[in-house]
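Note sheet for the following structure.
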Amino acid sequence: MRNTKKRDWILTLILIAIVTVFLVYVDKNMHYSMLASVIQKAAIYSLLAVSMNLLNGFTGLFSLGQAGFMLVGAYTYAILTIPMKQRVNVYQYFDGGLLKFTVPVVVGILAAGLVAVIFAWLVGKPCLKLKSDYLAIATLGFAEIIRAIVQWDKLGPITNSSNILKKFPTFHSILWPVVISAFCIFLIILLINSSYGRAFKAIREDEIAAEAMGINLAKTKMQAFLTSAFFAGVGGAMLAMFQSSVQAKSFTSAMTYEILLIVVIGGIGSVTGSVIGSFLYIACSEWWLRFLDDSQTYLHINIPFMRGGFRMVVFSVIIMLIVLFYRQGIMGTKEFSWQGILNAFQRFKREKAGVDNG
């Protein structure tokens, strides 16, 4: 057992070293490439998908308020970190805005998560008494309400109304979104493997049995809801840094469905699946299938309906096939492990040896 753990740690450190060297190379030589953009966005979406999976997959609460918490996080970060000398330009319709101070980037990111937690507590108090589809509808409604409130003219001195927030600090290296997302996902994994995580899973499996075992359902659901909202707020702040601007109209319900789709593709109840699903989803939608929008000729064959938007049609078909034939997702409820890889490799060797002998 000790040798196995030592081997796993060594292999993990080697993998981290390889990934770090690769990211440094991309950041230095391909900083403005599509690959760098996909890595950054996929890292951010990985955190968002894992935070949603914590609630929907591990706790069994069907919430669709993720875009609302992301919006709160993005706006909190942007409002707090815009430099004072830039506020006059950003809040040009509101005399430089109401806030007359600026906080460091780290404080802004943490504040984004904490403000999202406050809103989650206000929403969770009445909504977590609901179940299944009713909870989904209530949280989806919250996201739409918060988007409308942010664009309210009366709040313009703080939120800049429906105008864009910009000029705040952004990522200058692709390493930062990867490192921040990896650290946050690591914290979520620790939580899932703790006694709190076991309580979340117990509620998912059977609420009546969980309550009979002494688990406080209301308190535990609220803990899961607030934790998910915190990391969604952090993810929203990171998305603002990636996009270099924030506007409420981009945080629609479609963004929540997008993240939910990543969770389903990767596997509900699998952190590894959410990460893999995020990178595959972003790479396909933003990069690998983009050629379908660019030309009507592919492999010297004229395809008249290949035009702008056809990429998303093909992508939707691929997603439908995945959902139909891999209903548990890519990983199901399994997680990445070196022992699993070694077992799969040994199984492949045995099957190959059997075919050769046959």
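The values are calculated or read from the model by the stated rules, or taken from the named source; none is laboratory data. Please read these numbers as outputs of a predicted model, since none were measured by experiment. No Cβ is skipped: glycine too gets one built from the backbone with ideal geometry, and neighbour counts run over all protein chains shown. Side chains are part of the model used for accessible areas, which takes the heavy atoms of the whole protein and leaves out ligands, DNA and RNA. Shrake-Rupley method; radii C 1.70, N 1.55, O 1.52, S 1.80 Å.
Close amide H pairs (under 5 Å, H built 1.01 Å from N) link MET331 with GLY267, residues at least 5 positions away or on another chain. Note on the chain: with charges restricted to the Cβ of Lys and Arg (+1) and Asp and Glu (-1), its dipole about the Cα centre is near 560 debye. Mean-square fluctuation check for the chain, GNM, Cα pairs under 10 Å: which of ARG347, ARG327, ARG290 is largest? Looking only at ARG347, ARG327, ARG290, the largest GNM fluctuation is found for ARG347.
Given (i) 85, 45, 43; (ii) 67, 65, 31; (iii) 81, 65, 42 as candidate values of Cα extents along the principal axes in Å, which corresponds to the one derived from the coordinates? Of the listed options (i) 85, 45, 43; (ii) 67, 65, 31; (iii) 81, 65, 42, (iii) comes from this structure. Apolar share of the accessible surface for the chain: 66 percent from carbon plus sulfur atoms, 1.4 Å probe. Net charge in the neighbourhood of PHE171 (other residues with Cβ under 13 Å of its Cβ; Lys, Arg +1, Asp, Glu -1) is 0.
Packing, taken as the mean count of other beta carbons within 10 Å per residue, orders the peptides 252-261, 274-283, 18-27 from highest to lowest as 274-283, 252-261, 18-27. With the highest mean first, a sort of the peptides 263-269, 9-15, 56-62, 138-144 on other beta-carbon atoms found within 10 angstrom per residue produces 263-269, 56-62, 138-144, 9-15. Estimated purely from DSSP H runs of n ≥ 4, each contributing -39500 (n - 2.57), the mean residue ellipticity at 222 nm for the chain is -23000 deg cm²/dmol once divided by its residues. In sequence order, the stretch 83-98 has phi-based couplings of x, 4, 6, 9, 5, 5, 6, 6, 9, 5, 8, 9, 6, x, x, 8 Hz under the Karplus curve 6.51 cos²θ - 1.76 cosθ + 1.60, θ = phi - 60°, and Gly or Pro positions carry x. Taken about its Cα centre, the stretch 163-299 carries a charge dipole of roughly 420 debye when the Cβ of each Lys and Arg holds +1 and the Cβ of each Asp and Glu holds -1. Listed by number, the DSSP H helices of the chain that run 24 Å or longer by alpha-carbon position along their axis and have mean Kyte hydropathy of at least 0.0 are 2-29, 34-56, 105-127, 132-150, 175-192, 217-243. The mean sequence distance of close C-alpha pairs (under 8 Å, at least 6 residues apart), as a share of the length of the stretch 34-252, puts its relative contact order at 42 percent. Take the chain with all the other protein chains still there, run a 1.4 Å probe, and you get 54 Å² of accessible area per residue.
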